[in-house]
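Nothing in this text is a laboratory measurement; each read-out follows from the coordinates by a stated rule. Predicted model, so just to flag it, every value in this text is computed and none were measured. Here the Cβ positions follow ideal geometry from the backbone for every residue, glycine too, while neighbour counts run over all protein chains shown.
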Amino acid sequence: MPLGAYAPLEQEVMMGSRRSGGAFPLIAASVVLVSAFAAGPAAALAAEAGDLEVPFAQDQRVALAVEGSPASAGAGTEGIAAGDGWTLDADGVLTIEKDVSKPSDLRYEWGRYAERIREVRLAEGVTAIPNGAFASSSYGVSPIEYPNLTKFTASSTLKTIGWDVFSGTRSLTEVHLNDGLEAVNHSAFANTGITSIVLPDNVTWGGDCFAGCSQLGGTLVIPGGSKFEEGHNATFYGVGVDTVVIEEGVTWIPNGAFNGCANLKRVYLPKSVVQIGDTYETSPGIYYDSFDPCLIVGYRGTAAEQYVEHWLELNPEGNEGLAFHAIDGEEHEFGPWESVSEATCTAEGIRKHSCAICGAERTEVLPALGHAWGEGVVTAEPTESAEGSRTFTCGRCGVTRTESIARLEQGPSAANGGKTEGAGGSLPATGDPAFTLGIMTASGAAVAALGEALRRRK
């Protein structure tokens, strides 16, 4: 079942300063993202671009060297650059080939080619991406912008994504995370242009790690093994999803996890969620501002229902922001049946209908129809020596089947082995040479006797 939506996020700049408040992911204090970038003179840096040992000038933008410059030929091949543990090909694909250490000033070597980089791939064996590796906004330093970076693909061995790895890189729209990932740290993908994401299971998500991803729409599914970093808020602050589905197994939702989600319409909570935000006694944290009505869908007597009840207590007026719908209740309003798959002669069909309140679905299996056989058509006539056949065709699916027709019964002559029954017993068939000779002999004797009798009468 679905849950979540986030509105555009504005992040704080100060490293230790995190939002507090908001119990529900629908809770949080406002935040301000600072993206300070001082555009330096590109021409001045182009001459240095070929020397990978030259440190970046503080507060200056690293410009892409023109094709054919020492920078573009850094690996000895036109259009290709390389450094310690990474390569950049002529198509703009940056491949990280080993675990790379974080420089003290967050100025990575590949930053010299920021405008050329279109895709980042991790080779097998890479287990971590260090803090701020491709950030367009990072704490404590002027950012390097990656205006053409659109895609990131993790290796199957990746375990950790550091702080602010892609923070502020709005061009990043496509992210492929791996099973086996263990931790995504604070603001790793904050304020990027991600449009969809499949979250792996058994990951610990840091505060603000997807905050401000306003282009992330549709349904967000949070797997049952997901955990949230203690002490941080607003994991999905300001994302654009309209539905959040939290799967069975998740036990806690941090403060403000989905606050600022202007499009959020439904949040599905399992029985396993026992706490939403801080305890009500110490920090109600229910700050649900500027939302259209949102439906919390869950089970009676669970944290989902208690959360909404507490919200209504704190907001006796203008409480249309939140409502509760029990999955295990009888108040569903199911609409007409819709076909999922039609039943066929040999396969079952499926139909479903949905609740107009919460979207819960109910399905029904339709039995297979069976073949509709006609009378069939004789495709081969039987004989005394061979069977015939009859073919049947299904009027629904056109499948055919064939049945045999028994051979015809043989006549009397054939039945007696070629002998003819008479008063005197069995007679040989007329085709027998001995029988023919006998007839001829008997006929000759009769004629001779008749001639002798006529002669005597004269």
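Reported value for segment 80-169: 80 Å³ per residue, from the convex hull of its C-alpha atoms. Around the amide H of Leu322, modelled in the peptide plane, lie the amide H atoms of Cys294, all under 5 Å away and 5 or more residues distant in sequence or on another chain.
Residues Asp208, Asp91, ranked from the fewest to the most other C-beta atoms within 10 Å, line up as Asp91, Asp208.
Couplings 3J(HN,Hα) for segment 358-368, derived from phi with the Karplus relation 6.51 cos²θ - 1.76 cosθ + 1.60 (θ = phi - 60°), are 10, x, 4, 10, 10, 10, 9, 8, 9, x, 4 Hz, where x marks Gly and Pro. Note on Glu305, Glu174: ascending count of other Cβ atoms within 10 Å places them as Glu174, Glu305, the fewest first. For segment 98-250, taking Cα atoms only, Rg and Dmax work out to 14.5, 45 Å respectively.
Each residue of segment 237-247 was assigned a 3J(HN,Hα) from its phi angle through the Karplus curve 6.51 cos²θ - 1.76 cosθ + 1.60 (θ = phi - 60°); the sequence is 4, x, 6, x, 5, 9, 9, 10, 10, 9, 7 Hz, with glycine and proline shown as x.
Near Gly240, the amide H atoms lying under 5 Å from its own belong to Tyr6, Gln215, Leu216; only residues 5 or more places off or on other chains count, and H is placed 1.01 Å from N.
Antiparallel as a % of all DSSP beta bridges within segment 94-169, to the nearest 5? Could the numbers behind the result be given before it?
Numbers: 1 of 9 bridges.
In segment 94-169, DSSP labels about 10 percent of beta bridges as antiparallel.
Backbone phi angles across segment 116-126, fed through the Karplus curve with coefficients 6.51, -1.76 and 1.60 (θ = phi - 60°), yield HN-Hα couplings of 7, 5, 10, 8, 10, 10, 9, 6, 4, x, 6 Hz in residue order; Gly and Pro are listed as x. The value given for segment 167-217 is a Kirkwood hydrodynamic radius of 11.0 Å, derived from the mean inverse Cα-Cα separation.
Sorted fewest first by neighbouring Cβ atoms within 10 angstrom, Phe392, Phe166, Phe134 come out as Phe392, Phe134, Phe166. By its C-alpha gyration tensor, with a ≥ b ≥ c as the square roots of the eigenvalues, how is segment 294-377 shaped: rounded for a/c under 1.5, else prolate for a/b larger than b/c, else oblate? The shape class here is prolate. Legend: Rg and Dmax of segment 350-404, from Cα coordinates, 21.7, 73 Å. Proximity of backbone amide H atoms, modeled 1.01 Å from N, is registered between Phe228 and Trp205 at under 5 Å, excluding neighbours fewer than 5 places apart on the same chain. Across segment 182-277, the convex hull enclosing all Cα atoms gives 76 Å³ per residue.
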